[in-house]
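The values are calculated or read from the model by the stated rules, or taken from the named source; none is laboratory data. Everything numeric in this text was worked out from a predicted model, so none of it was measured. Methodologically, a virtual Cβ is constructed for each residue, glycine included, from the backbone with ideal geometry; neighbour enumeration extends over all protein chains shown. Each accessible area value is taken on the protein alone, full model and side chains, heavy atoms only, with ligands, DNA and RNA left out. Shrake-Rupley method; radii C 1.70, N 1.55, O 1.52, S 1.80 Å.
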Amino acid sequence: MADYLRPVSLDEALAALARPWTVLAGGTDFYPARVGRAIDENVLDITGIPDLRGISTGPWGWRLGATTTWAELIEAPLPPLFDGLKQAAREVGGRQIQNAGTVAGNLCNASPAADGVPPLLALDAEVELAGPPGTRRLPLSAFITGNRCTLLAPGELLVAIRVPKPAHDARSAFLKLGARRYLVISIAMAAATLEIEDGRVVSARIAVGACSAVAQRLPALEGALAGAPVAALAGRVDVAHLAPLSPIDDVRGSAAYRRDAVVILLRRLLRGFA
Ligand SMILES: Cc1cc2nc3c(=O)[nH]c(=O)nc-3n(C[C@H](O)[C@H](O)[C@H](O)COP(=O)(O)OP(=O)(O)OC[C@H]3O[C@@H](n4cnc5c(N)ncnc54)[C@H](O)[C@@H]3O)c2cc1C
């Protein structure tokens, strides 16, 4: 390793990032990517920065600090809006991974199979980035641009994930399909957030992961669900709604299998709201 630094303030971290450092949070993506070779890059460990910890709330919504782990998220007292993200959190690796791995690290690593991305897309989440010119906010849908690609600029840190408060009562859910029940990379996954009034959907946000380089919202399905009674959502899912997806054949499943599986996942997911 060239240098290792564990700053205790955000200012110290941002000052250090004036030269190239690889950011380290929980290390659960960082270390497996370096098995069998020496770590020869400068490593900036952000886990000692108090400002990056914890979940806060205000009239506008919720803010998850960048070093919030999956386990902290699972244990946080959050409304049903977060049920889908918590379901995803419970399926990220096992408890040891959930104790160390961060939600923000999952986004920055930008794997097509990152379980945090679909539920956060369905929550209309934004990322807050801090760098030399100051702080900027981007919709998560714009932040991840491809397989392992984000708009994080050199010298920038993701400092928080922001989730806006919906206009109506809202619930969310998440379903993941893997080759076995736990400790598995997703073949496909689906997340939904529904705003509900008088038993009908006022607005729906649906996202699917592991079926394209970046998880995708399904606007046509979202439109088809608007106004529908909560008890009759699954029947509205149509294969045509999957147009934004571009699944690939790989060791975990064929593109055709993924398409079939997503339709079933979406129907199951929506039945769960009844
Ligand atoms: C056994 C095992 C099982 C796993 N299972 C799953 C699973 O089921 N689902 C799943 O989605 N993932 C899984 N993962 C992957 C990993 O645990 C998650 O992606 C985790 O959320 C990564 O967070 P981290 O804090 O460990 O990131 P790190 O490894 O510390 O960092 C990941 C990347 O993001 C960058 N980074 C991290 N934080 C920031 C920041 N705040 N600002 C800028 N850059 C940053 C780092 O430089 C690095 O490139 C698994 C990993 C292992 C080892």
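Quick check on this structure: which one of 138, 194, 158 is away from the ligand (no atom under 14 Å from the Cβ) and part of a strand (DSSP E or B)? Please lay out each step first, then the result.
Working: 138 fails: away from the ligand (no atom under 14 Å from the Cβ); 158 fails: away from the ligand (no atom under 14 Å from the Cβ).
Being away from the ligand (no atom under 14 Å from the Cβ) and part of a strand (DSSP E or B) holds for just one of 138, 194, 158, which is 194.
Only one residue in 83, 115, 124 is under 11 Å from the mean Cα position of the chain (by Cα) and either more than 9 Å from the ligand (Cβ to nearest atom) or without any contact (Cβ under 8 Å) to a residue 24 or more places away in the chain (or both), so which one is that? If you could, list the steps in order and put the result at the bottom.
Details: 83 fails: under 11 Å from the mean Cα position of the chain (by Cα); 115 fails: either more than 9 Å from the ligand (Cβ to nearest atom) or without any contact (Cβ under 8 Å) to a residue 24 or more places away in the chain (or both).
Exactly one of 83, 115, 124 is under 11 Å from the mean Cα position of the chain (by Cα) and either more than 9 Å from the ligand (Cβ to nearest atom) or without any contact (Cβ under 8 Å) to a residue 24 or more places away in the chain (or both), namely 124.
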### Task
Determine whether region 125-141 contains at least one residue that is acidic (Asp, Glu) and at positive phi.
no
### Query
If the Cβ limit is 6 Å and pairs must be 6+ apart or interchain, which residue in region 87-105 that is part of a loop (DSSP other than H, G, I, E, B) pairs with which residue that is among the β-branched types (Val, Ile, Thr)?
101/28
### Task
Sort through 203, 254, 212, 246 and tell me the only one that's touching a strand residue (DSSP E or B) at 6+ places or on another chain (Cβ under 6 Å) and among the hydroxyl-bearing types (Ser, Thr, Tyr).
203
### Message
Of the conditions (1) modelled with pLDDT of 95 or more; (2) in a loop (DSSP other than H, G, I, E, B); (3) out of contact with any Cys (no Cβ under 8 Å at 6 or more places or on another chain), residue 152 satisfies every one except a single condition; which number is it?
### Response
(3)
### Query
Residues of region 41-61 being in contact (Cβ under 8 Å) with a residue 60 or more places away in the chain and within 12 Å of the ligand (Cβ to nearest atom), which ones?
46, 51, 52
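Just the residues that are of a type outside the set (Val, Ile, Thr), closer than 20 Å to residue 273 by Cβ and more than 16 Å from the ligand (Cβ to nearest atom), please, taken from region 163-191. Before you say what the answer is, go through the steps one by one.
Applying the first criterion (of a type outside the set (Val, Ile, Thr)) to region 163-191 yields 164-183, 186, 188-191.
Those still in the list that are closer than 20 Å to residue 273 by Cβ too: 165-177, 188-191.
165, 166, 167, 168, 169, 170, 171, 172, 173, listed by residue number.
Please determine, by comparing only the residues of region 1-40 that are in a loop (DSSP other than H, G, I, E, B) and either among the small types (Gly, Ala, Ser) or in contact with a Lys or Arg (Cβ under 9 Å, 6 or more places away or on another chain) (or both), which one is farthest from the ligand (Cβ to nearest atom). Reasoning before the result, please.
Looking only at region 1-40, we keep the residues that are in a loop (DSSP other than H, G, I, E, B), and these are 1-3, 6-9, 17-21, 25-31, 35-40.
Then drop every residue that is not either among the small types (Gly, Ala, Ser) or in contact with a Lys or Arg (Cβ under 9 Å, 6 or more places away or on another chain) (or both), which leaves 2, 9, 18, 25-27, 36, 38.
Details: 2: 15, 9: 15, 18: 15, 25: 3, 26: 3, 27: 5, 36: 15, 38: 17 Å.
Taking the candidates together, the pick is 38.
Scan 160, 192, 215, 220 and give me the residue that is closer than 25 Å to residue 260 by Cα, open to solvent by less than 10 Å² (accessible area, probe 1.4 Å), of a type in the set (A, V, I, L, M) and touching a residue at least 12 places away in the same chain (Cβ under 8 Å). Lay out the reasoning, then the answer.
On the way: 160 fails: closer than 25 Å to residue 260 by Cα; 215 fails: open to solvent by less than 10 Å² (accessible area, probe 1.4 Å); 220 fails: open to solvent by less than 10 Å² (accessible area, probe 1.4 Å).
Answer to the check: 192.
What about residue 224, is it part of a loop (DSSP other than H, G, I, E, B) and not aromatic (Phe, Trp, Tyr)?
On the way: part of a loop (DSSP other than H, G, I, E, B): no; not aromatic (Phe, Trp, Tyr): yes.
The answer is no for residue 224.
This table checks each residue for (1) more than 13 Å from the ligand (Cβ to nearest atom); (2) of a type in the set (Asp, Glu); (3) within 22 Å of residue 215 (Cα to Cα).
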| residue | (1), (2), (3) |
| --- | --- |
| 63 | yes, no, yes |
| 69 | no, no, yes |
| 76 | yes, no, no |
| 95 | no, no, no |
| 99 | no, no, no |
### Message
For the list (1) open to solvent by 50 Å² or more (accessible area, probe 1.4 Å); (2) in contact with a Leu (Cβ under 7 Å, 6 or more places away or on another chain); (3) of a type in the set (A, V, I, L, M, F, W, C), I need the number of the one condition that residue 231 fails.
### Response
(2)
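I'd like to check something: does region 80-87 contain any residue that is among the basic types (Lys, Arg) and either in contact with a Ser or Thr (Cβ under 8 Å, 6 or more places away or on another chain) or farther than 24 Å from residue 51 by Cα (or both)? Show your work before the answer.
Residues of region 80-87 among the basic types (Lys, Arg): 86.
Now drop any that are not either in contact with a Ser or Thr (Cβ under 8 Å, 6 or more places away or on another chain) or farther than 24 Å from residue 51 by Cα (or both), which leaves none.
Checking region 80-87: not a single residue is among the basic types (Lys, Arg) and either in contact with a Ser or Thr (Cβ under 8 Å, 6 or more places away or on another chain) or farther than 24 Å from residue 51 by Cα (or both).
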